[in-house]
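The values are calculated or read from the model by the stated rules, or taken from the named source; none is laboratory data. The shown structure was predicted, so the numbers you read here are calculated from the model rather than taken from an experiment. Every residue, glycine among them, receives a Cβ derived from its backbone with ideal geometry; neighbour counts consider all protein chains shown.
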């Protein structure tokens, strides 16, 4: 039997402990061990961004993080974005702008968009396209995703006033 | 474009409500195939061939079976012996013996990535370790991965029981060409004799993949009572059930397929791969077995769309009238017969009024994964060839390429080369919308820049759809439909239902049923779902409306025929009840109201689009930048315009990827060298501009709301439009896809031709 | 992927002794964006993975008048997020901003990119152009190696059993100097360089003559290539298009690429010249204090 390591971390603001093998990715532990299946596996090698989570505030492909590495870290997943009965403005704008079709890439895009708007509340279209280039979408042609991020920026600016 | 008066007619259609499954999808709660959690679930993995073509002499699984944590191993020996039998998959048909041999290889492996054996273990890592312990003895055979090589007499033969069928006759010698298709109209010789200008060119395209972000995934439980339940990512639960039952040689009643949320399909999630294998593993170990493909498995083991070689010849008179067209098309089918040459041959000249035409099409076997449908299967390749030649003819005739298309555009009464005569269609309207668009009217300035135009066509197939509905006493309706929802069809179907019944879109709760909960429904494919399942939903609404009138008649002690429906409310003399008020009274007027409908619209209707693109070509690196892009399409009637635009934008960008960079790169040994998203190079957000859209509405006479399917047409025009724009920018006519930088640079550096 | 033992080292000595004990069965983990993929795809195997991101020396950097000392494990996003580095070493920022997408840059380090030793690595031509010194710690103590000598073959380098790359030392940014990195990829992001080109120049006070230059290429040979002769030939030449074109011709001539899935031999030789010329233009403009954006 493979020996497992104990890891204590914080996910979506709550302390979480789990046991894992060294070879298990953060994505695998989130999905299989902790039941947080909102982060999706599209390629398992860092080329599609469907598994994007925030690790200490930075967007990362959770398939390229070992679960044993997150001891003491702060992790935000798609499940942690909406804090109360309301959707986060980015989630709401994705719905209103029809920025999803099959929806499999959506959690990853929303997490990357959050990371972007946390840093740059008013990004240019080029900046959005550049910063979201690590997230692949095959359905939408990206157009409505870009509009949704632009609209999110406006809405979040309005809320912060 | 819809006149304002018509728009006003509708309360729901043409609006943009939030999709019903939206909150689940933006919060990560929606359950896709891989998200399924069941007690006692174990994990299956597939061993795949490292060779493109080899005899499988023996498979030794004994070491893997003994590996700790392994619960079951299966090979071809565990599959029932399947006879040749043709099964209809909705968007094409398949021979079950071939499908079985694709799912688990029999005596030969026919492509790198071909499944050879499978096992289930306590976790995916143990399963992967154990795969390395399966010993397969191969005798490697020569392989072939280019369609024209595969057609040669001395090419490596994939199957010794495949004989060319041509015009009803079977050849005597086995070959790699299962089918030769031939269509003809008019008299081709006479046609070309009447031509003042003739252009003939040859084209090549590489295999490309559908590229859905969700890998194939299936979980099966072969229960101790003998019933098999399969949770899967599929475009059609009923076809998945039929294929699984046939491959396992059990009755369909013994199989339930539960369609999970599906992370993209584009035609590639119709044939089964994992479902029967997971079921076999589950039967052996008595536990639910989940199987998820890796991205490499998806590229190497599932449906690309054909690589092709095409020759297209078109003739026109001096005044710009097309008189004759001839096409010779060879598409690869991959490892098993039944590629998409049929629709390719039907579509090649589908945009034009062509008095004389002849098309020959060949389905060709080679050592690639069995090709599958990909968004307008076969049409994109053909349009690349035809629309490039059209552009060159227009240039030779010194006629504007848009005007040339308008002059020759297919319209009501045009007979396609394969026989059908078009009813009212909207190609001319898309060309006129293109002509009047801000994009076409804008001036393109700057060096190394060019503008291109191309049109595209695809069918809307009919097929079978079922919808059921339950009226709730608060005036909402639960709608159960058989079409899996890949891009928002729950909502476009619910909106048609709501419109007919006179309630809001939000008052409908649409749900995709499993194969035990709803009537038989064909695949989500062929641009049919909003069209055909929408039609079924409309009929369910009429059924409910009829029953609700009867209930009102009971309340008011009148005849049902005396109850009028006005604006969704039920009226008789001075009495009036809204739908919700009446729904609240069902309990004492006879109990629940349940509606149902099944439809099977005959034949296919037609969708046309025209695309405009501006490009800039870097003169030193030959890299193409898309500066501006406009997609115009006849949607018949746009039910939810945002999702219609989304289909147009998504298809355009897939087409841009196909045009510029996507391809299967093969080694000399027939191995795919770029089986990852890193090297397969699908467009990122940074590779494309905003995609402008213009929806044209020429109502479909075959649908009560005039719906035309919109899903597939948008991928057809882009490669040709971009090739024409590249020509305008560089003077180089590209005749090979993808028009990747090395290829375009080579063409630009060698005397301005490809 | 086979399971392995995971250890977190908190000092260089601890890391070195862990690595020395397991030899080539041990792997160093910084961002993991190459290593985890290679382990998963069975391209590399390991019995032990040593996380060095808790070693202060490896995740710090300092920018002084002596130059930049960059910890080998500093992730890319911290590099391009630092205004002072952006100003002093814009070529380094060019590289850091295009290694993978943002998610990769949150984790991947320049040191890791160097130790992965891919012929197509996006940071190595930059490091060569800036004449970086690699600081290495090992069981025998510490040593330094010029970065141009670091890679020895695809995926291979000078690190010996138990050795760890700790720091990259960039010489002080000289007056009237500038660096730039450009690569060619068919997409606009998320791609591997078909060819990459790094350039560094120092101009005279008037900004007209090249005093010193260093040019390097990626993806045209088994290792990233320092163009020693072409660099030397630039000294004393006017910073004009004709000079850049000479360098471009020299770069094309020296490139010895292969045909593969990412490009043809002829195309890569051609691109080597195009990109050297363009990166030289960028380096010269920056040396003159002008703005230059490699993405336009």
Worksheet item: Which of (1) at pLDDT 95 or above; (2) over 16 Å from residue B:609 (Cα atoms) is the odd one out, the single condition residue B:381 does not satisfy?
Response: (2)
Discussion item. Name the single residue that is farthest from residue B:264 (Cα to Cα) among those in the range B:452-511 being under 19 Å from the mean Cα position of the chain (by Cα) and in a strand (DSSP E or B).
Written reply: B:455
Worksheet item: Residue check: is residue B:269 more than 29 Å from residue B:465 (Cβ to Cβ) and either modelled with pLDDT of 95 or more or part of a strand (DSSP E or B) (or both)?
Response: no
Response to the item:
Scanning the range B:550-603 for residues that are free of Cβ contacts under 8 Å to residues at least 60 places away in the same chain, under 15 Å from residue B:475 (Cβ atoms) and out of contact with any strand residue (DSSP E or B) (no Cβ under 7 Å at 6 or more places or on another chain) gives B:551, B:585, B:589
Worksheet item: Is it the case that residue B:487 is buried (at least 24 other Cβ atoms within 10 Å of the Cβ), at pLDDT below 95 and closer than 26 Å to residue B:375 by Cβ?
Response: yes
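Could you tell me which of the residues B:82, B:99 is within 23 Å of residue B:281 (Cβ to Cβ), modelled with pLDDT under 95, part of a helix (DSSP H, G or I) and in contact with a helix residue (DSSP H, G or I) (Cβ under 8 Å, 6 or more places away or on another chain)? Break it down stepwise before answering.
Numbers: B:82 fails: part of a helix (DSSP H, G or I).
Exactly one residue qualifies, and that residue is B:99.
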Discussion item. Let me confirm something: among A:141, A:134, which residue is touching a residue at least 12 places away in the same chain (Cβ under 8 Å), in contact with a strand residue (DSSP E or B) (Cβ under 8 Å, 6 or more places away or on another chain) and not in a helix (DSSP H, G or I)?
Written reply: A:134
Worksheet entry | Restricting the range C:172-193 to residues that are touching a helix residue (DSSP H, G or I) at 6+ places or on another chain (Cβ under 6 Å) and surrounded by 24 or more Cβ atoms within 10 Å (Cβ to Cβ), the residue that is nearest to the other protein chains (Cβ to nearest Cβ) | C:184
Fill in: Test result for residue C:285, surrounded by 16 or more Cβ atoms within 10 Å (Cβ to Cβ) and at the interface with another protein chain (Cβ under 10 Å from one of its Cβ atoms)
no
Worksheet item: What do you reckon, is residue B:613 within 14 Å of chain C (Cβ to nearest Cβ) and under 22 Å from residue B:434 (Cβ atoms)?
Response: no
Worksheet entry | Test for residue B:155: is it touching a helix residue (DSSP H, G or I) at 6+ places or on another chain (Cβ under 7 Å), surrounded by 24 or more Cβ atoms within 10 Å (Cβ to Cβ) and not in a helix (DSSP H, G or I) | no
Practice prompt. Select, from B:136, B:177, the only residue that is touching a strand residue (DSSP E or B) at 6+ places or on another chain (Cβ under 6 Å) and outside the structural domain of residue B:77 (by TED's automatic domain parsing).
Written response: B:177
Worksheet item: For the range C:155-266, list the strands (runs of 3 or more DSSP E) that sit wholly inside it and hold at least 2 residues that are without any contact (Cβ under 8 Å) to a residue 60 or more places away in the chain; which are they?
Response: C:210-218
Worksheet item: Is it the case that the range B:643-656 has a residue that's within 18 Å of residue A:140 (Cβ to Cβ), more than 11 Å from chain A (Cβ to nearest Cβ) and either assigned to a helix (DSSP H, G or I) or touching a residue at least 60 places away in the same chain (Cβ under 8 Å) (or both)?
Response: no
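Among the candidates A:38, A:49, which residue alone is surrounded by 24 or more Cβ atoms within 10 Å (Cβ to Cβ), at the interface with another protein chain (Cβ under 8 Å from one of its Cβ atoms), modelled with pLDDT of 95 or more and in contact with a strand residue (DSSP E or B) (Cβ under 8 Å, 6 or more places away or on another chain)? Give the derivation first.
Values: A:38 fails: in contact with a strand residue (DSSP E or B) (Cβ under 8 Å, 6 or more places away or on another chain).
That would be A:49, the only listed residue that is surrounded by 24 or more Cβ atoms within 10 Å (Cβ to Cβ), at the interface with another protein chain (Cβ under 8 Å from one of its Cβ atoms), modelled with pLDDT of 95 or more and in contact with a strand residue (DSSP E or B) (Cβ under 8 Å, 6 or more places away or on another chain).
Identify, from the list B:728, B:717, the residue that is in the same structural domain as residue B:639 (by TED's automatic domain parsing) and over 30 Å from residue B:268 (Cβ atoms). Spell out how you get there, then give the answer.
Values: B:717 fails: over 30 Å from residue B:268 (Cβ atoms).
The unique qualifying residue is B:728.
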Worksheet item: Has the range C:65-83 got any residue that is surrounded by fewer than 17 Cβ atoms within 10 Å (Cβ to Cβ), part of a helix (DSSP H, G or I) and in contact with a strand residue (DSSP E or B) (Cβ under 9 Å, 6 or more places away or on another chain)?
Response: no
Item to complete: For the range A:13-33, enumerate the residues that are surrounded by fewer than 17 Cβ atoms within 10 Å (Cβ to Cβ) and either in contact with a strand residue (DSSP E or B) (Cβ under 9 Å, 6 or more places away or on another chain) or in a helix (DSSP H, G or I) (or both).
Response: A:13, A:15, A:17, A:19, A:33
Discussion item. One residue is enough: does the range B:600-607 have a residue meeting the conditions in contact with a helix residue (DSSP H, G or I) (Cβ under 7 Å, 6 or more places away or on another chain), in the same structural domain as residue B:711 (by TED's automatic domain parsing) and assigned to a strand (DSSP E or B)?
Written reply: yes
Worksheet item: Quick one: which of B:630, B:625 is without any contact (Cβ under 8 Å) to a residue 12 or more places away in the chain and not in a helix (DSSP H, G or I)?
Response: B:625
Discussion item. Please count how many residues of the range A:64-122 are surrounded by fewer than 22 Cβ atoms within 10 Å (Cβ to Cβ), assigned to a helix (DSSP H, G or I) and within 9 Å of chain B (Cβ to nearest Cβ).
Written reply: 4
Practice prompt. Looking at (1) in a strand (DSSP E or B); (2) crowded, with 18+ Cβ neighbours inside 10 Å; (3) more than 11 Å from chain A (Cβ to nearest Cβ), find the lone condition where residue C:62 falls short.
Written response: (2)
Practice prompt. Report whether or not residue A:92 is touching a residue at least 60 places away in the same chain (Cβ under 8 Å) and out of contact with any strand residue (DSSP E or B) (no Cβ under 8 Å at 6 or more places or on another chain).
Written response: yes
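Which residue is farthest from the other protein chains (Cβ to nearest Cβ), if the candidates are limited to the range C:16-44 and must be part of a helix (DSSP H, G or I) and within 24 Å of residue C:79 (Cα to Cα)?
Residues of the range C:16-44 part of a helix (DSSP H, G or I): C:16-25, C:35-40.
Narrowing the set further to residues that are within 24 Å of residue C:79 (Cα to Cα) leaves C:35-37.
Numbers: C:35: 9, C:36: 5, C:37: 5 Å.
Within the range C:16-44, the match that is farthest from the other protein chains (Cβ to nearest Cβ) is C:35.
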Worksheet item: Mind checking whether some residue in the range A:140-148 is buried (at least 24 other Cβ atoms within 10 Å of the Cβ), within 13 Å of chain C (Cβ to nearest Cβ) and modelled with pLDDT of 95 or more?
Response: yes
Practice prompt. Kindly indicate the residue of the range C:99-145 that is surrounded by fewer than 24 Cβ atoms within 10 Å (Cβ to Cβ) and at positive phi and also nearest to the other protein chains (Cβ to nearest Cβ) among those meeting that condition.
Written response: C:117
Practice prompt. Look through the range B:280-329, keep the residues that are assigned to a helix (DSSP H, G or I) and more than 26 Å from the chain's Cα centre (by Cα), and return whichever of them is surrounded by the fewest Cβ atoms within 10 Å (Cβ to Cβ).
Written response: B:284
